[in-house]
Amino acid sequence: MENQYFSKEGLEKLKNELEKRSSVLRPEIAKKIKEAKEEGDISENAAFDAAREAQASNEGRIEEIKIILENAVIIDSSISRSETVIVGSGVKVDSDRGAQDFIIVGATESDPIKGFISNESPLGKAFLGRKKGDKVEVKTPKGVSEYKILEIK
């Protein structure tokens, strides 16, 4: 698995999720499984089946988070502004939709509606390594869009 980029806050949020799933949800689910077993025949016990599904889902997410954390790279926001767009950069661009601001983040933290775009997305990939004044063409499902980089923050 390749590196996944996180802000300090985003990484902390993921660590908190892991802690909650391991120390809170795991015991709660184990208790539900035990209670369902105590009801008798588990072959037709919906509560037991639901608890086992919840357990599988929780354990799967725990393993997924552990793998992500092993490959996590923190985006250092204290690094002085770069001349080129890197993961963690804020980018102000102009396009046919007007001026827009984006922040290039790792895939796990992306939220395009809020302007956080993944370094793995077509738009994020197109901005990486570019400089102020560069024009960038991005192929989208609606066609090709052109962006001009106005500022790197």
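Out of every Cα-Cα pair that the chain contains, those further apart than 21 angstrom amount to 57 percent. Exposure proxy ranking for V24, V138, based on other Cβ atoms within 10 angstrom of each Cβ and starting from the fewest, stands as V24, V138. Across the options I33, A54, Y5, the greatest Cα extent toward the positive end of the charge dipole of segment 4-74 (unit charges at beta carbon of Lys, Arg, Asp, Glu) belongs to Y5.
Measuring against 20 Å, Cα to Cα, the residue pairs K13/K131; K15/K37; K13/K114; K34/K66; K114/K135 contain K13/K131; K15/K37; K34/K66; K114/K135 as the ones spanning a longer distance. Phi angles of segment 108-124 translate, via the Karplus equation with coefficients 6.51, -1.76, 1.60 and θ = phi - 60°, into HN-Hα couplings of 5, 9, 5, 7, x, 4, 8, x, 8, 10, 5, 5, 9, 6, x, 5, x Hz per residue; Gly and Pro are given as x. Please identify which residues in segment 91-113 have an amide N closer than 19 Å to a label point set 7 Å out from the Cα of N16, following the Cα→Cβ vector. Within reach of a label on N16, which here means backbone N under 19 Å from a point 7 Å along Cα→Cβ, segment 91-113 contributes 106, 108-111.
Taking other C-beta atoms within 10 Å as the exposure proxy, D101, D41, D134 rank D41, D101, D134 from fewest upward.
The Rg/Rh ratio of segment 90-153, with Rg taken over Cα atoms and Rh as the Kirkwood radius over Cα pairs, comes to 0.92. Listed by chain and number, the aspartates and glutamates placed with their C-alpha closer than 17 angstrom to that of K142 are D96; residues fewer than eight positions away on the same chain are left out. Around K139, under 13 Å between beta carbons, what's the net of Lys plus Arg minus Asp minus Glu among the other residues? Result for the neighbourhood of K139: 0.
Read-outs throughout are calculated quantities, based only on the coordinates presented, and are distinct from any laboratory measurement. Just so we're clear, the structure is a prediction, and the values are computed from it rather than from any experiment. Here the Cβ is made from the backbone with ideal geometry for all residues, glycine too, and neighbour counts use every protein chain on show.
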